[in-house]
Structure formats: C-alpha cells, structure tokens
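All of the numbers you see were taken from the coordinates with simple rules; none came from a lab. Keep in mind it's a predicted model, so treat the numbers as computed, not measured. Positions of Cβ are generated from backbone atoms using ideal geometry, with glycine treated the same way; all protein chains shown enter the neighbour counts.
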Amino acid sequence: MLRRALATLMLLLAALVAGAPAPARAAALSIDIFGPGQSRVNMAFTEPLPLAPAPALPPEAARFATLVRENLGYLPFLHLVPDGEILGGTRMPGVVRDDIDMRRFQISKVDLVMTTGWQPGADGSRLECRVYEASSGRLVLGKAYLRVDAQGLVRVADLFCSHFMEALTGRGEFFRSRLAFSRREGQKREIWTMTPQGRDLRQVSFLGGASSSPAWSVDGRYLAFAHHSVWQHTLAVWDSQTNRIFETKVPGTTIGGMDFMPDGTLAVAMTRGNMDIFKMTRDLTRVGDTLVSNWAIDVSPSFDAEGRLMAFTSDRQGNPQIFVKDMQTGREERVTYEGKYNTSPSISPDGRLVVYSRRTPEGHRIFISDIQAMRERQLTFGPGNDEEPAFSPDGYFIVFSSNRSGAYKLYLTTRHGDEPRALETGGGAATHPAFGLRGD
Amino acid sequence: MRTRFLVGMAVILAMMLAVSGCAKTQKDAAEQPLSFSTPEPQAGEPAMVDSAALDAEAQKAFDALTVNKIYFDFDKFDLKDESKEVLKAKAEILKKYGDWKMLVEGHCDERGTEEYNLALGERRARAAYEYLVVLGVPSSRLKIVSFGEEKPAVEGSGEAAWAKNRRDEFKVFK
C-alpha cells in the first residue's frame, strides 16, 4: 500500500517537473515595425578596438563608426545614446561579451550595445561587428568582413546595417535600396539616383525637356521613366548594368505614370484616345494587355510585391480617387471616399496599405489607408504641399516630395507617420521619388 | 478495353506535359530580362513657322492662331462658349493656309499632382483638337501634347494666376 502510494507520489512529481516551464529566459529583443505600437530602444557603441595582436586601428575605423551611426539614425525606433552618457565610458578591454561591462550600459538604460574590432592587413582589414542585448548579454548579431578598405567602407556599413535591421525587425531592405527622382535644373528636369541616406548621388538621364515618373524593376536593374519634349512624350529605360538609356515613342500621346510588375513587364498609363493602363511588350514598343480601361482618366499604376493588386488613380466617379484592382478577379474597388482630389497612390509590398496624396484646403497631405480594414489615417501635416508618396521595398518607410521649406525636396517618413526627415538631393526642386533595390 | 486504357493514359500524359510546359513558360517569362535595342533615329522635329518671314496678312493670321489661348475651369476640360469662338476662328485660318499645321498644348495649374495633370492637360488639348476636326480641319494637320503643370504661363499662386495657367496654347509648324 505504502509502495503504491510512494509510486503514485513519484509519478505526480515527475509529471509536475515535466510540465513545469523551462527556467525563465528573457525573450529575444525584436521590434515590430509593422505593428500599431512601435517600440523604441536605446543603443550605445563601445570604442572600436584593434583585434589582438593588432597594434593599432586602421584609419577606416573612425569613418566606419560615423557611417553606422548615420545609417542607424534613419531608424526611428532606435535612440542612439551619446558616448558621454555612459557612466564609466565606452572603452572596454575587448569586443566579445565577456569583455563588456554590461552593468554600466544597463545603468544608462541602454538596450543594445555594439562593438567593433579591427585587424589591419596588407590588402584591407578584417572587421568584426557585434551587437549584444545589454540586459541579457545575448548576441543579437555578429558579422565579420574581410579586406575592408576605404573604398568599400560605405558598402560594408550598409551591409551591416541591413543585417542588423533584419535581425531586429525581420526586414533589412532599406539599407540595400536606392531612390530615383526627378530634379529640376532651369527649364530641364532629369532623373537622378542616390541611396536613401543621400549617398552616391548620380544623374542618369541627359535628355533635356522633362523626365519624370521613375519606376524601378523588381531586381533593381532597370529604371523606367517618362520623357516629355516640346513635341511628344516618350518612354525611356535606363539599364543600370550597362549605363545605357533606351528611348522609344509609345503608341500613345501622353504618359501618366508607370510601374514594373513582379514578372518584369512594365505597366504604363498612356493615352490611346483615352488615358488607360496597359502592359507593354518586352521590347517596350507595343502594347500588350489592357489592365484598366474606362472612359475616365486612369493614371499612376502601383503594384504590390506579388502583382496581385494594383492601385491607381481614376476620375470615373467625377473627381480623382484611389482605386485598387484585384489582378486575378478583375474587380476594381474604390479606396478613398474623403476629399475630392486623391492622387499618386503607392501600394505596400504586402498589398495591405495604400499611401496617396490628398488635396486639402491647407495643401496636399499624405494619407494612408488599410484596404482590408478600410481605415484611413493622415501621415503628414505640411506646411506647403506633401505629394507623390512611395513605399520602400520593406513596406516600412515612405518617401515623398514636399515644398514645406519653400522648394520641393524629398522627405522620409514611415507608415506610422514618424517625423519627416529631409533628404539631401543637391540643388533644384526634387520630385517624383521612387524606391527600388540596388541592382549591384 | 485495352485501347480505351491506352487512350486514357495518353490523354493524362498529354495533360501532364501541357501543365509542365505552361509552368516552364511562366518561369521563363519571369526570368527573362527586358529585351530592347535602341530604335532607329526618328525624323527630326517639325519646323516651326518663322513669323518674321511672313507677309503682313499671313503674320496677322499667324498671330490669331498663336496668341489667342483658351481657358478651362479647375479639373475640367469642357470647352466654354468663348473658347469655341476662338477655335472657329483658328479653323478658318487653317483652312486658308493649307500648308500650316498646328500643335495644341494642354496645360494645368499647379494645384494638382503631375501624372493626373498630364492626363488632364491631354484632355484639354484633345477637346480643342476634336472641335477643330469637327469644324473641318484634317486631323493630319493637328498634333497634341500635354505639359500638365510643367510650363505655367504665369508664375505665382492664387486664382488669378491659376486661371491663366489652365489653358490650351497653340503653335504653328510645317
């Protein structure tokens, strides 16, 4: 009897132990950039160190630290803690977890600590970057880069920041993306490209007249845009691999925007008696399928990442409004009901959100609509006109043009409407921004 | 029975081949890069008529074609009565000067956004073009182009400037 009772007790204990939760372990730090309540974390940097047995840091070390700080400064969910705010300083004996006094970062309310170690070599340095959670010491990301020199420093900084953003949020395309936009110089407007951080600013078109409405192919190789001369509108495509521009007269009189579909074909809004939206053939000289046909003006196509949905502007119900077409069923649904002038839509890669410009009594403003929940929110508040919003490839950032400072410039915000940040585009009005992935 | 079985198998096999063929075609299309070569250079741009070289009567006709513009309401492209009168006068001149052609430029004010304004400018130019064709001007002697808000006639903001910028302009070429 006693034996049976003991056996039962043992079994119960075993069951309790088996069912007990594992020893408490802090959840890995992650940031939901797509959720409604985006959190903000504090990040600090230890002093860059030479990796033993290197005697000294290479000259690139300081520049790399600056580049990473500049890059991460674009992420609204990160607060970069100044070195001076870390009690006891940021100099550590080494770059791995056991070398770092996490307590001094914890006291300064730091969530993430980044270390960099350099091993100079004859053909460039070996660079080791690590990011730890200050509270648990968990390694969030560790990356090593070989043969790092001054020439490749920006690329390495972008690569690291891309991996870091991906580790935190699941998406890192922002630091692998670039922007195209139209820039005015006198009476001419040409197409320029740059990274979203304002680096590698480059003029790609030299056609005179007005070039506008740029759109990147999904792989980032091709950049299509419209060119308006005194006599006609033409379609132009810049091949970033060969640095050549192809220009052709489209079988229509006016071009009203374009976008690449995920399969690489180009959809163009153009007038063939009426302004509709068409698929072009692969050689871009003939019209393929008609995507939207209506007696009204239909312009500004924008596709989601899978090509399931296309947002566009149509004035079929009396004034310009945003519509979304389901490419499988052919169903076209109106998205905007407020305001009498909603234009320039850009659909998020996941097809859930559409951003657009609405004309209000105070000027154009950027709005965002959840097309599943049919909920709308104002993202920008001027002053001046905020126009032509475009989603980044990760669906988190939104770039738009605004004359809030007097002249039209580009600004970066997020789907949550974070404080717009001006982008450096050089002289001349900058309009029509379009995000794409770097093809390199 | 055996023949039926073989025919059935052949049909199934053919369907499988067709399905795999379709899948491959789709994949190939997705991987295929854009294919284009620079087209042959097109004929040069048409020559504008040099008004200084015209005699007094022709110069007057030239001015009547190019100086008189027509105007539109905001976000509208329908012709007003006074615009129709202006176009009737232009049609008569074009009938008289048979070697002249006319470019109709559609323009908008700055308040809209560019791509929609380009479409609206095209509609404004096309409205004039179609009215001129109805009045008997051959379509081969007319050409339209839209500038949207790219080339305002008057700089500045306010209804006085905007009203002057929502317009069709006319150029004469041969």
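Values computed for the structure shown
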{"quantity": "Computed log₁₀ I(q)/I(0) - Debye formula, equal Cα scatterers, no solvent, the stretch A:285-426, q 0.13, 0.14, 0.22 Å⁻¹", "calculated": "-0.54, -0.63, -1.36"}
{"quantity": "Neighbourhood net charge (10 Å Cβ-Cβ; Lys/Arg +1, Asp/Glu -1) for A:L75", "calculated": "0"}
{"quantity": "Three semi-axes of the equivalent ellipsoid, the stretch A:239-310, Cα gyration tensor, whole Å, largest first", "calculated": "20, 16, 10"}
{"quantity": "Ascending count of other beta-carbon atoms within 10 Å, so fewest first, for A:T271, A:T343, A:T285, A:T116", "calculated": "A:T285, A:T116, A:T271, A:T343"}
{"quantity": "Ordering of B:75-87, A:161-173 by burial proxy (mean other Cβ atoms within 10 Å per residue, highest first)", "calculated": "A:161-173, B:75-87"}
{"quantity": "Residue-averaged [θ]222 nm for chain A, counting only DSSP H segments that reach four residues, each worth -39500 (n - 2.57)", "calculated": "-4000 deg cm²/dmol"}
{"quantity": "Principal axis dimensions, the stretch A:173-437 - Cα atoms, whole angstrom, descending", "calculated": "43, 39, 34"}
{"quantity": "Using θ = phi - 60° and Karplus 6.51 cos²θ - 1.76 cosθ + 1.60, couplings along the stretch A:163-178 (whole Hz; Gly, Pro as x)", "calculated": "5, 5, 4, 5, 5, 7, 10, x, 10, x, 5, 3, 7, 10, 10, 9"}
{"quantity": "Kirkwood hydrodynamic radius (C-alpha pairs) into Stokes-Einstein, the stretch A:350-440, 4 °C and 1.567 mPa s, D in µm²/s", "calculated": "97"}
{"quantity": "Highest-first arrangement of B:93-99, A:275-281, where packing means the average Cβ count within 10 Å", "calculated": "A:275-281, B:93-99"}
{"quantity": "Rounded Å value of the spacing that divides the Cα centres of the stretch A:187-222 and the stretch A:377-440", "calculated": "15"}
{"quantity": "Net charge, A:P120 excluded, C-beta distance under 15 Å - Lys, Arg +1, Asp, Glu -1", "calculated": "-1"}
{"quantity": "Long-range Cα-Cα pairs in the protein assembly as shown (distance over 40 Å), rounded percent", "calculated": "42"}
{"quantity": "Part-to-part distance (alpha-carbon centres) for the stretch A:104-123 and the stretch B:79-105, which is given in Å", "calculated": "74"}
{"quantity": "Net dipole in debye of the stretch A:173-437 [+1 Lys, Arg Cβ; -1 Asp, Glu Cβ; about Cα centre; nearest 20]", "calculated": "460"}
{"quantity": "Residues A:H416, A:H364 arranged by fewest to most Cβ contacts within 10 Å", "calculated": "A:H416, A:H364"}
{"quantity": "Coordinate range along principal axes, alpha carbons of the stretch A:105-226, Å, largest first", "calculated": "58, 38, 27"}
{"quantity": "Relative contact order (%) - criterion: Cα under 8 Å, at least six apart; region: the stretch A:173-437", "calculated": "15"}
{"quantity": "Test item: A:227-236 mean partner chain Cβ contacts at 10 Å", "calculated": "4"}
